[in-house]
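> Sharing a structure with you now.
Values in this text are rule-based calculations from the coordinates and carry no lab data. Bear in mind that the values here come from a model prediction, so they are computed numbers and not experimental data. Cβ coordinates were reconstructed from backbone atoms using ideal geometry, including for glycine residues, and neighbour counts include every protein chain displayed.
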Amino acid sequence: MSERTNGNKAVFSFGNGHADGHAGMSDILGGKGANVAEMTRMGIPVPPGFTISAKMCQRYLQEGDIPASLREEVTAAMSGLEEASGRRFGDADDPLLVSVRSGGKFSMPGMMDTILNLGLTDETAKGLARQSNNPSFAYDSYRRFVEMYGRVVYGVGASADGVDQFERALHELQKTRDVSRAIDLSPADLLSLVRDYKEIVWRVTGSRFPDDPREQLWGAIGAVFTSWNNQRAVNYRRLNAIPNDLGTAVTVMAMVFGNLGEDSGSGVAFSRDPSTGEKRLFGEFLANAQGEDVVAGTRDPEPLESMGKRLPDAYAEFKRTAALLENHYRDMQDLEFTVERGKLYLLQTRTGKRTARAAVRVAVEMVAEGAIDRRTAVTRIDPNQLNQLLHPTIDSAAHVDVIARGLPASPGAAVGKVVFDAETAAERGAAGEHVILVRRETSPDDFHGMVAAQAILTARGGMTSHAAVVARGMGKCCVVGARELDVDPVRRLFSGNGVTIREGDWVTLDGSEGRVIQGRAPLTLPEPGAEFDTLMSWADEFRAMGVRANADTPEDAAQARSFGAEGIGLCRTEHMFFEGDRIHTMREMILATDLAGRRRALVQLLPMQRSDFAGIFRAMNGFPVTIRLLDPPLHEFLPRDPAEVDRLAELMDLPVTAVQRVIDGLTEANPMLGHRGCRLGILYPEITEMQVHAIIEAACEVAAEGIRVIPEIMVPLVAHVEELRQQATIVRQTADRILTERKAQIPYLVGTMIELPRAALTADEIAKVADFFSFGTNDLTQTTYGLSRDDAGRFLPYYMDSGILPADPFQTIDQDGVGKLIEMGTRLGRRRNPKLKVGVCGEHGGDPASVDFFQHVGINYVSCSSFRVPIARLAAAQASLGARAPTD
Ligand code: PEP
Ligand code: MG
């Protein structure tokens, strides 16, 4: 059955003002195909062509061959393209040449393959030479085509000794002829290079390079489809949560040439500044060059404004077109264009990738301009991207030794040890080291190293080079085009400004100012700016879920407030015991052999806890504070190192053997499933009493200052309602006693963490005794999966790599399993106690995809680390607006 029946059209043509597709068809045409169709409809000059549906990619990958029906449709579309362009494919006099470009629904810059100048053969290259009256241009185009096709379709490139075979052939000839650029070789030399390149392909693959343009076309279409599954594309999709089964569309477009002379050129531009968001056309232009030259960073482009001087008419038209497109799409556009002998052609438009700072500024300014509404502005920003705004910069007061300056490609600052290849970056990054990847220029093959690195530094390339675009997308600090640097990847060093930096040496990168700094510079936290506050205030208008912070000290609490936390969802009291010499008193308590001894130590701990709680209540100034009773197994407070054990024994005036006996006695095979959580308070109720005593006294003290206090006392790791009943009784009796003594009336709540499957399954029972639940999703994930949170890192990455798990369940909630327990626990709990307040305080509280799920199941608030509070606020707003559809 033909693909065209049942609406299964597979090929969509565009050209001369008419297009089968439109912007709303990115599902099947990919972003590129959909937008060239849209631009064509708008009357913008786009070379004619056609796009093959991404559905065909899926079929090709399954069947391993181009379906016959697709061949028919493509053949028909090629005839249409010949007509639209006025040239014939394979014509010996005036050949039609095409580009074959990949393009999925979601932009994956540089990850998949593209072939230019397709249709060149010995015959047609001569025709092009005559037509253009420029044999060097024609044969250089032919050379580039054979090289690109050889790489993409035949996978030819590096030889066994790691040297690129095409580059070697070119460099050898250039050396013999003493020229620095391929284009300066004679036409005869360029043709002989073409023969050499074909020979390389033949030697490596045993395949004859196709001299029939149609055969070239089928090979290119198949290769572009196949590039959907190359390793870097797979990695990119994993990092950006792009589904693997979408496939890429293929756009075949008539070639236009930016390298026909000084009245031609190519460029890349953004309708606003992608680093700062400022409303100004921003980009780069290369005269007498093809688009690939700009993106690859092999020649240094000029600022876009230079095009205004060289080609004023084309520049004026480009400015008009950029404004038209931004207005049409109502978002900042990233444009690729070519000028061929003074005539402008748009090759691509897409939503421009931008830094978080730019994203926020563009969204807020577009609301002011009336282009979008607040709701749209709030849904425009990827919450995870806010990380960039909340990340460090170099302390401006610090003295730093600047080795070199480059372009500030992606802001933020980072400190790390220098490495010179992606492999080493990936290895050391996986081992937990902070590394900075230094390259002459990056290629998409470096992607995994860029992911692992703290920051990226290149000696070459411009603001739209591969390194710049990819780093910006990842929100990673990046400096490109640091030309003063001499990078020597073989000797594994770089030098500049009289300084030599070797692999493993520390450097600091300043991605906001483009500085390369020797050593480890001190970093400071950023101030996100007025637009950020505006956007966050809009997010808060739309948000239904509360956002609190996990904070353990008054300083943390103040920080949390400054990020907009509406309370503390988890104060881990054990952290307080590690401060200063408190740990001695804590150890005294643990080493005590009887109740009296324990009480003596607890009496000393009480005022310390009280002052911390008071500080936190003050910082929270009327917002609720959830304080968790002691949770970790007691052995965590005791030393392991024999010398430390000796010191402790001396300090406590005990024999070493006695101390060691206690330590041995506390040793457990599975401490995370052992004597921890409420099980501590059950065996040592005096600990619970002391903590509640401190909490309520602190509350009375702060309330007396006229500050509203809302203490919420939380019992950890409850599995059975009786555990909570027993602990809640102690909590209430102690609290009420103190309040009566103080003649104070402070409402407080008693609740529990739900971090064990049994607690979720019996939530209706537990809710009889609890005023609130807080899902401890870290432990709940650990115990539901039976997966140790401390050891899973050793094998979990393999689970994601091999597709067993879509994501790390400790980062993004496992909706089908752990999520089901959360949904059930919430439902059962509320059925018994309709007023039950339900929160989440595990790491997932700051993960946007998880936040969306929590909204879906009716959680009242999430709580996360302070720096993730803005992310959670924005994610919660988007969840309320339904901007991120929950995956059921
Ligand atoms: C949890 O288990 O999710 C939690 C918040 O507690 P902790 O991480 O301290 O075990
Ligand atoms: Mg826990």
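> Which residues does the label zone of D164 cover in segment 197-218, counting backbone N under 20 Å from a point 7 Å along Cα→Cβ?
197-205
> Which order results if T40, T176 are arranged by neighbouring Cβ count within 10 Å, fewest first? List each step's numbers first, then the result.
Working: T40 25, T176 10.
Listing T40, T176 from fewest to most nearby Cβ atoms yields T176, T40.
> How big is the Kirkwood radius of segment 734-781, worked out from every pair of different alpha carbons and given in Å to one decimal?
On the way: mean 1/r = 0.0808 Å⁻¹.
Computed over segment 734-781, the radius equals 12.4 Å.
> Using a ≥ b ≥ c from the Cα gyration tensor of segment 801-881 (square roots of the eigenvalues), is it rounded, prolate or oblate, where a/c under 1.5 gives rounded and otherwise the larger of a/b and b/c decides, a/b for prolate?
On the way: a/c = 2.05, a/b = 1.23, b/c = 1.67.
Cα axes put segment 801-881 in the oblate bin.
> So, one more: If you count the DSSP beta bridges with both ends in the chain, what percent of them are antiparallel, to the nearest 5? Show your work: numbers first, answer last.
Values: 67 of 107 bridges.
In the chain, approximately 65 percent of DSSP beta bridges are antiparallel ones.
> If you put +1 on each Lys and Arg Cβ and -1 on each Asp and Glu Cβ, how big is the dipole of the chain around its Cα centre, in Debye rounded to 20?
Numbers: 98 positive and 118 negative charges, 312 e Å.
Dipole size: approximately 1500 debye.
> Could you sort the peptides 802-808, 436-442, 528-534, 614-620 by per-residue average Cβ neighbour count (10 Å cutoff), highest mean leading?
Details: 802-808: 12.7, 436-442: 25.0, 528-534: 16.6, 614-620: 23.1.
Going by the mean number of other Cβ atoms within 10 Å, highest first, we get 436-442, 614-620, 528-534, 802-808.
> So what J values fall out for segment 407-422 if you push phi through Karplus, 6.51 cos²θ - 1.76 cosθ + 1.60 with θ = phi - 60°, rounded to Hz, Gly and Pro as x?
Result, rounded to whole Hz: 8, x, 6, 8, x, x, 9, 8, 10, x, 8, 6, 10, 10, 8, 5.
> Moving to a separate point now. With axes computed from alpha carbons, what is the tilt in degrees of helix 595-620 against the longest principal axis of the chain, rounded to the nearest 10 within 0 to 90?
For 595-620 against the chain, the angle is about 50 degrees.
> Further, regarding this structure: Going Cα to Cα from K837, which aspartates and glutamates come in below 15 Å? Please leave out same-chain ones fewer than 8 positions away.
Qualifying aspartates and glutamates at Cα under 15 Å: E566, E712, D764, D771, E823.
> Helix 582-591 against the longest principal axis of the chain: what's the angle in degrees, Cα atoms only, rounded to the nearest 10?
With both axes taken from Cα atoms, the answer is about 60 degrees.
> For segment 220-285, compute the orientation-averaged projected area of the C-alpha convex hull (one quarter of its surface), in nm².
Working: hull surface 29.2 nm².
Average projection, Cα convex hull of segment 220-285: 7.3 nm².
> May I ask you to sort T740, T355 by Cβ crowding, counting other Cβ atoms within 10 Å and putting the fewest first? Before the final figure, lay out the partial values.
Numbers: T740 10, T355 26.
In increasing order of surrounding Cβ atoms, one gets T740, T355.
> Could you give the angle, 0 to 90 degrees to the nearest 10, between helix 26-41's Cα long axis and the longest principal axis of the Cα atoms of the chain?
Between helix and principal axis, roughly 50 degrees.
> Further, regarding this structure: If you bin every alpha carbon distance in the chain into 10 Å steps from zero, what whole percent lands in each bin?
Taking every Cα pair in the chain, the percentages come to 2, 11, 18, 21, 18, 12, 8, 6, 3, 1, 0.
> What nm distance separates the two modelled labels at D178 and H399, each placed 7 Å from Cα along Cα→Cβ?
5.0
> Sticking with this structure for a sec: Under the Karplus relation 6.51 cos²θ - 1.76 cosθ + 1.60, θ = phi - 60°, what is the ordered set of whole-Hz ³J(HN,Hα) values for segment 810-819, x standing for Gly and Pro?
Each residue's phi maps through the Karplus curve to give 7, 9, 10, 4, 6, 4, 6, x, 4, x Hz.
> Quick query: amide H of E566 versus all other amide H atoms, modeled in the peptide plane; which residues come in under 5 Å with a sequence gap of 5 or more or a different chain?
V547, R548, A549
> Same structure again: Could you size up the charge dipole of segment 506-618 around its Cα centre, putting +1 on the beta carbon of Lys and Arg and -1 on that of Asp and Glu, and report it in debye to the nearest 20? Please report the intermediate quantities before stating the final value.
Details: 13 positive and 17 negative charges, 134 e Å.
Charge dipole of segment 506-618: 640 debye, to the nearest 20.
> From the backbone phi of segment 320-333, what are the Karplus-calculated ³J(HN,Hα) couplings (6.51 cos²θ - 1.76 cosθ + 1.60, θ = phi - 60°) in whole Hz, Gly and Pro given as x?
Couplings: 4, 5, 4, 5, 4, 5, 4, 5, 5, 8, 6, 7, 5, 9 Hz.
> Relative contact order for the chain using alpha-carbon pairs under 8 Å, separation at least 6, rounded to a whole percent?
Details: 1885 pairs, mean separation 75.0, N = 888.
Reported relative contact order: 8 percent.
> State, to one decimal in nm, how far the label point of K55 lies from the label point of E262, with both points 7 Å from Cα in the Cβ direction.
About 5.2 nm separates the two model spin labels.
> Sort the following peptides by mean Cβ neighbour count (other Cβ atoms within 10 Å, averaged over residues), highest first: 367-380, 95-108, 161-174. Walk me through the intermediate numbers first.
Values: 367-380: 16.5, 95-108: 23.5, 161-174: 14.6.
Answer by packing, highest mean first, reads 95-108, 367-380, 161-174.
> Scan around F270 for amide H atoms under 5 Å from its own, H built in the peptide plane at 1.01 Å from N, and keep only partners 5 or more places away or cross-chain.
For F270, whose amide H was placed from the backbone, the distant partners under 5 Å are F282, G283, L335.
> Tell me what the chain gives for mean residue ellipticity at 222 nm when only DSSP H runs of n ≥ 4 count, each as -39,500 (n - 2.57), the sum divided by the residue total, rounded to 500 deg cm²/dmol.
Details: 33 runs with 390 residues, N = 888.
The per-residue figure over the chain is -13500 deg cm²/dmol.
> Of the options N117, A323, T176, report the single residue whose Cα projects farthest towards the positive end of the charge dipole of the chain (beta-carbon charges: Lys, Arg +1; Asp, Glu -1).
After comparing all options, I get A323.
> Classify segment 96-171 as rounded, prolate or oblate from the Cα gyration tensor: take a ≥ b ≥ c as the square roots of its eigenvalues, call it rounded if a/c is under 1.5, otherwise prolate when a/b beats b/c and oblate if not.
Values: a/c = 2.65, a/b = 1.22, b/c = 2.17.
Judged from the Cα gyration tensor, segment 96-171 comes out oblate (a/c at least 1.5, b/c at or above a/b).
> Under 5 Å between amide H atoms, partner at least 5 residues away or on a different chain: which partners does D401 have, H built in plane at 1.01 Å?
The list, which skips near neighbours in sequence, is Q518.
> Also: I need the shape label for segment 290-407. Rule: rounded when a/c is under 1.5, else prolate if a/b > b/c, else oblate, with a, b, c from the alpha carbon gyration tensor. Please report the intermediate quantities before stating the final value.
Numbers: a/c = 2.39, a/b = 1.18, b/c = 2.03.
Oblate is the answer for segment 290-407, as a/c is 1.5 or above yet b/c matches or exceeds a/b.
> Please give, to one decimal in nm, the separation of the simple spin-label points placed at R832 and D816, each 7 Å out from Cα toward the Cβ.
3.0
> Here's another thing I want to ask about it. Check the straight Cα-Cα distances from K105 and name the lysines below 21 Å, setting aside those fewer than 8 residues away within the same chain.
K9, K32, K55, K353
> What order, most packed first, do the peptides 452-460, 506-514 have when packing is the mean number of other Cβ atoms within 10 Å of each residue? Before the final figure, lay out each step's value.
Numbers: 452-460: 25.9, 506-514: 23.6.
Taking the mean over residues of other Cβ atoms within 10 Å, the ranking is 452-460, 506-514.
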